[in-house]
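Input: a single structure, listed below in structure tokens.
Coordinate-derived values only; no laboratory data. These figures come from a predicted structure and were not determined experimentally. Using ideal geometry, Cβ is built from the backbone for each residue, glycine included, and neighbour counts are taken over all protein chains shown.
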């Protein structure tokens, strides 16, 4: 895709931002496990971590997501771009599904509106990090620059 920036000058910053999103998910998940210890896996109670509703299931999912993001950032080589991109889409789908089921029995991950807003915001941040984190050859960089100048 010639319109996706390649070798963007701010690429290390966006890679670090992706790492911070992963770190947030890991910290949130660990605090969620501590807070919801002893509850059922998908309990729908008033368990809150950092002002967000959660349960043991979502806390475990957050740790896995954060670890995958951090692993991708550590490896690099455009693997972080693919991981951030696909997880951003998955988090958007999860956030929109949970928004639809927020006040029903289908709210499996015990989301609150704040949790939903945070998940949707972090998915957008991950998507931006994926868009500007791509590394490529000089030819790909020149193709991107020439496609940008045509517009």
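Here is how the numbers come out for the structure above:
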read-out: Tilt relative to the chain, helix 11-35 - C-alpha long axis, 0 to 90 degrees, to 10; value: 10 degrees
read-out: Neighbour-count ranking [beta-carbon atoms within 10 angstrom, fewest first] of 24, 89; value: 89, 24
read-out: Folded to 0 to 90 degrees: helix 113-132 orientation relative to the chain principal axis, Cα; value: 20 degrees
read-out: Segment residue 13-residue 102, extension gain: residue separation times 0.36 nm, minus the distance between their alpha carbons; value: 28.6 nm
read-out: Sorted by Cβ neighbour density within 10 Å, fewest at the top, the residues 13, 34, 69; value: 34, 13, 69
read-out: Label-point gap, in nm, between residue 39 and residue 135 - each point 7 angstrom along Cα→Cβ; value: 4.0 nm
read-out: Cα long-axis angle, helix 79-100 against the chain (0 to 90 degrees, to the nearest 10); value: 40 degrees
read-out: Within a Gaussian network of the chain (alpha carbon springs, distance under 10 Å), most fluctuating of 55, 39, 84; value: 39
read-out: Computed label-point distance, nm, for sites residue 4 and residue 114 using a 7 Å Cα→Cβ extension; value: 3.5 nm
read-out: The chain, relative contact order [Cα under 8 Å, separation at least 6], %; value: 38 percent
read-out: Residues 40, 98, sorted so that the one with the fewest Cβ neighbours within 10 Å comes first; value: 40, 98
read-out: Value of D in µm² per second that Stokes-Einstein yields for segment 11-134, Kirkwood Rh from Cα pairs, at 20 °C (1.002 mPa s); value: 149 µm²/s
